[in-house]
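Inspection log for the structure reproduced underneath, given as structure tokens.
Please treat every number below as a calculation from the coordinates, not as lab data. Please read all numbers here as calculations on a predicted model, not as lab measurements. Cβ coordinates were reconstructed from backbone atoms using ideal geometry, including for glycine residues, and neighbour counts include every protein chain displayed.
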């Protein structure tokens with residue numbers, strides 16, 4: 001299933017309502033229970049000349065791991081994340097970003113993600129813990145964001 005940017009979401013990574021955001025599209029693989037994205041990011045996202053900025057790499061991993069919540073239809077927020085930068089991620093070349101769940105403990109969701117080049121070499125790896133929040137709290141957060149000046153409009 002294709003996960004296109006939600007036109008009412010202002011998320012920098014995947015929101016369709018953020019004109020300055022990346023508006024990333026992912027694929028949901030129900031059989032493998034993995035989320036994947038294939039991207040070719042330009043020089044506007046570089047840190048060192050010719051390579052993606054480390055913050056963009058971390059954001060890509062956070063985004064793909066967060067989307068794993070779709071399988072359980074829950075809402076979870078990032079509580080802790082580590083990134084292992086294994087090799088520079090070149091701009092302008094195709095990369096594959098993939099995330100999956102490795103464990104659950106009450107409200108904690110343990111997830112991993114990788115960024116690979118077209119040959120399958122792992123360029124970066126992320127590990128994170130997400131904490132599930134109730135649907136009521138999620139809706140309260142959405143309502144509060146909408147009420148702020150310049151807040152999201154759903």
message: Checking residue 59 against (1) surrounded by fewer than 19 Cβ atoms within 10 Å (Cβ to Cβ); (2) under 20 Å from residue 129 (Cβ atoms); (3) more than 12 Å from the chain's Cα centre (by Cα), only one condition comes out false. Which one?
response: (3)
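Of these, 110, 87, which one is in contact (Cβ under 8 Å) with a residue 12 or more places away in the chain, surrounded by fewer than 19 Cβ atoms within 10 Å (Cβ to Cβ) and within 12 Å of residue 128 (Cα to Cα)?
Details: 87 fails: within 12 Å of residue 128 (Cα to Cα).
Selected residue: 110, the only one of 110, 87 that is in contact (Cβ under 8 Å) with a residue 12 or more places away in the chain, surrounded by fewer than 19 Cβ atoms within 10 Å (Cβ to Cβ) and within 12 Å of residue 128 (Cα to Cα).
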- prompt: Has the range 27-44 got at least one residue that is under 11 Å from the mean Cα position of the chain (by Cα), assigned to a loop (DSSP other than H, G, I, E, B), surrounded by 13 or more Cβ atoms within 10 Å (Cβ to Cβ) and touching a residue at least 12 places away in the same chain (Cβ under 8 Å)?
  reply: no
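Out of the range 13-26, which residues are part of a loop (DSSP other than H, G, I, E, B) and either surrounded by fewer than 14 Cβ atoms within 10 Å (Cβ to Cβ) or free of Cβ contacts under 8 Å to residues at least 40 places away in the same chain (or both)?
Within the range 13-26, the first condition is being part of a loop (DSSP other than H, G, I, E, B), and the residues that meet it are 13-14, 16-25.
Selection gives 16, 18, 19, 20, 21, 22, 23, 24, 25.
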statement: Taking first residues from the range 47-71 that are in a strand (DSSP E or B) and second residues anywhere that are crowded, with 24+ Cβ neighbours inside 10 Å, the pairs with Cβ under 9 Å that are 6 or more apart or on different chains are 51/89; 52/60; 52/89; 52/115
task: Go through the range 62-81 residue by residue and tally those that are closer than 16 Å to residue 29 by Cα and surrounded by 17 or more Cβ atoms within 10 Å (Cβ to Cβ).
output: 7
